[in-house]
Structures are given as structure tokens and as C-alpha cells.
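The values are calculated or read from the model by the stated rules, or taken from the named source; none is laboratory data. Because the structure is a prediction, the values reported are computed rather than measured. Cβ coordinates were reconstructed from backbone atoms using ideal geometry, including for glycine residues, and neighbour counts include every protein chain displayed.
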Amino acid sequence: MAALDHLFRRMLPPSLPLLVWGVHFFFCYIVAAEQGRFDRVTLMSILFIASLLALGMLAMLCWRALRRLHAGGNISLLHWATAACAVLGAMGVLLSCLPMVLLQY
């Protein structure tokens, strides 16, 4: 059982950016589906704030991973995967912002 705990602890940093992206994707599309409950300004501000928070978290995760890579020492594939997943997550968050663009029309 201790080996599984160690595996989950080591796999959390590379998968955390994808989790942030998934939560943002789910939140944006739920809010966009419930657009009748909000006025346009409130809806756009909710989506904008959620996107900024997700991009901020992904930037922090990418910065931490790149800092570990440039520190030298024992660099593993997990450090590279964390940085790559943070960049992929940021691209996904930007693409998930499409409801903001589509709701303007």
C-alpha cells in the first residue's frame, strides 16, 4: 500500500495542470449553459475571473516546474511532464474561453 501512496504523490504534479484545465472547462460550459440566469455583464465577468484564476494557477505550476528544471541536480521525466502539461493546460484554458467569445453575439 505504501508503494501506491508513493506513486500517487509522484504523479500529482504532472496531472494537476490537467485537472485545473478540466475543472475550468466544466465550469465554463456549465455557466454558459445557465446563461439565462445571469445578465450579460455578470456572465462575462464570471467567465473572465474563472479563466484568469485558472491561467494564474497554471502559470504558477509551470513556473515551479521550470524552476526545478533549471536548478539542476536530479531532473526526471516527471519535471518535464509537469511543465509540458502546464503549457497544454494553459492552451486548453484559452480554448475553453470560446464561450466568452460566442456569448457576445
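Quick grid of which residues meet (1) in contact with a His (Cβ under 8 Å, 6 or more places away or on another chain); (2) modelled with pLDDT under 90; (3) not in a helix (DSSP H, G or I):
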residue: PRO17; (1), (2), (3): no, no, no
residue: VAL23; (1), (2), (3): no, no, no
residue: ALA59; (1), (2), (3): no, no, no
residue: TRP63; (1), (2), (3): no, no, no
residue: THR82; (1), (2), (3): no, yes, no
residue: VAL87; (1), (2), (3): no, no, no
residue: MET91; (1), (2), (3): no, no, no
residue: TYR105; (1), (2), (3): no, yes, yes
Some residue of region 30-37 being surrounded by 14 or more Cβ atoms within 10 Å (Cβ to Cβ) and closer than 19 Å to LEU94 by Cβ: yes
Index of the failed condition, CYS97 passing every other in (1) modelled with pLDDT of 85 or more; (2) closer than 17 Å to PHE26 by Cβ: (1)
Test: TRP21 is aromatic (Phe, Trp, Tyr) and under 23 Å from PHE8 (Cβ atoms): yes
Conditions (1) over 19 Å from LEU19 (Cβ atoms); (2) surrounded by fewer than 15 Cβ atoms within 10 Å (Cβ to Cβ); number of the one not met by LEU95: (1)
Those residues of region 65-80 which are in a helix (DSSP H, G or I) and at pLDDT below 85, in sequence order: ARG68, LEU69, HIS70, LEU77, LEU78, HIS79
In region 69-92, the residues that are surrounded by 19 or more Cβ atoms within 10 Å (Cβ to Cβ) and over 13 Å from HIS24 (Cα atoms): HIS79, THR82, ALA83, CYS85, ALA86
